[in-house]
1. Only one of these is assigned to a loop (DSSP other than H, G, I, E, B), out of contact with any Lys or Arg (no Cβ under 9 Å at 6 or more places or on another chain) and among the polar types (S, T, N, Q): Thr105, Thr49. Name it.
2. Kindly provide the set of residues from the range 64-83 that are over 8 Å from Gly347 (Cβ atoms), out of contact with any Phe, Trp or Tyr (no Cβ under 6 Å at 6 or more places or on another chain) and not aromatic (Phe, Trp, Tyr), ordered by number.
3. For Gly155, only one of the following conditions fails: (1) at pLDDT 80 or above; (2) surrounded by fewer than 16 Cβ atoms within 10 Å (Cβ to Cβ). What is its number?
4. Go over the candidates Phe267, Phe263 one by one and state the one that is surrounded by fewer than 19 Cβ atoms within 10 Å (Cβ to Cβ), at pLDDT 80 or above, in the same structural domain as Asn332 (by TED's automatic domain parsing) and in contact with a Pro (Cβ under 7 Å, 6 or more places away or on another chain).
5. From the set of residues in the range 206-229 that are crowded, with 19+ Cβ neighbours inside 10 Å and not small (Gly, Ala, Ser), which is nearest to the chain's Cα centre (by Cα)?
6. Residues in the range 206-226 that are at pLDDT below 75 and not small (Gly, Ala, Ser): how many?
7. Scan the range 235-244 for residues that are surrounded by fewer than 23 Cβ atoms within 10 Å (Cβ to Cβ) and not acidic (Asp, Glu) and report the count.
8. Kindly evaluate Ala360 against the criterion of being under 20 Å from Ala296 (Cβ atoms) and touching a Gly at 6+ places or on another chain (Cβ under 6 Å).
Amino acid sequence: MVFDENNQLPLNYFKIFNLGLGFMVVSMIWAAYNAYMPIFLGNFTKSNTLIGFVMSWDNIANLFILPVFGALSDNTRTSIGRRMPYILIGMPVAGILYAMLPLQTKLWALLIVDLMFNIVVASYRTPLVALMPDIVEEQHRSKANGVINFMGGLGALIIFFIGSQLYKLNKAYPFFLSGILSIIVPVILFLTIKEPKSFVIEERKEKQSIIKALITVVRDEDRAPFYTLLSIFMMIAGFAAVETFFTRYCKIALGIDESVSSFTMGFYALAFLIFALPAGFIASKIGKRKTMMIGAFGQAILFLIFMVIKDFRIIQILMPFAGIFNALFTINSYPLVVSYTSSEKIGTYTGLYYFFSSLAAIVTPSTFGAIMDYIGVNKLFLGASISVFISFVFLWLIGKRGEKPEIL
């Protein structure tokens, strides 16, 4: 379906729900991977350094592979579309490799399968994400992204509640579940979602390049795209720091057992899941940038409150607001990034989005770890608050240039 400015169609929730199935599977994959892969590795090595390095492969792949395949999918022209070839091939292959992970009996075999899995899963993720703005009009993208993130959160809950029980029966079962769905879901996507016809057989007008796009964004007189990407970087850096060190901070500074503080983070995740849909609808009324600003400013203030509070019960009460503020920002960040470009470059700008977000995830642990080591553990929330406030400032500097009049 091809959209134009004079023919605005309502959001097709059936298509978005089906597309959300893909995100649900991806979320299931990473939820089980992050929970159990360190255990699999620990069966063969006692080196936490090696385990940590292997567990960083996904972020490294996100940094380098996701942007490349975003641009590649922009340049792809087939009878079934630009994104579908990567989804139909990459998702099942990644699912098979994923299901093989718990079956390995040698460290070298596990590492090889894991490396192949990380490469293949990265090959279809950007095309899958870029498919949303391909089939959704700009003014509906925040709502669509809310639905998709809701489905992603649902996938994580499936692993946490159902997958954990399957793991008790057999350590491979959660991986088999996600692997099987990785084969079924691409077929559902192919049968129910048709890419815009304008990109099926048309000739390439201009070859897209992630490097060219990055240089263009940095040098462009219109600073809105670059400031938005910097805002996303600072927001992810700030919140990722809290996610990474929250349990350690609570144990050292407040004397709270890690099982209790970890459970408290569940309030954040649940609030994010519940508020994913409202965040998209709010943006459709007041604009994506303004909604993100509310989320960033609220998060910065909340982190400052966390810094001075010594009663853990108050932190527990306030933690759901962290999920709400993060939802207001995160749900609308990707739609805002792709709103700056044309349909031909959506995959490339999706790659830029993942480049900045992955880079933030990579540099955050060591940077904030150093802050806690050399300045003080209690400065975790101060550093996070400053980072998130800088994110707010970048959005404020954009002004109204970052959004089109009809969605302000």
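1. Values: Thr49 fails: assigned to a loop (DSSP other than H, G, I, E, B).
Among Thr105, Thr49, only Thr105 is assigned to a loop (DSSP other than H, G, I, E, B), out of contact with any Lys or Arg (no Cβ under 9 Å at 6 or more places or on another chain) and among the polar types (S, T, N, Q).
2. Listed by number, the residues that qualify are Ile65, Val68, Asn75, Thr76, Arg77, Thr78, Ser79, Ile80, Gly81.
3. Unmet condition: (2).
4. Values: Phe263 fails: in contact with a Pro (Cβ under 7 Å, 6 or more places away or on another chain).
Within the list Phe267, Phe263, the selection yields Phe267.
5. Once the filter is applied, the top-ranked residue is Leu229.
6. Final tally of qualifying residues: 4.
7. Residues of the range 235-244 surrounded by fewer than 23 Cβ atoms within 10 Å (Cβ to Cβ): 240, 243-244.
Then drop every residue that is not not acidic (Asp, Glu), which leaves 240, 244.
Result for the range 235-244: 2.
8. Numbers: under 20 Å from Ala296 (Cβ atoms): yes; touching a Gly at 6+ places or on another chain (Cβ under 6 Å): no.
It is false that Ala360 is under 20 Å from Ala296 (Cβ atoms) and touching a Gly at 6+ places or on another chain (Cβ under 6 Å).
The values are calculated or read from the model by the stated rules, or taken from the named source; none is laboratory data. What you see is a predicted model, and the numbers here were worked out from it, not measured in a lab. Positions of Cβ are backbone-derived with ideal geometry, glycine not excepted, and every protein chain shown enters the neighbour counts.
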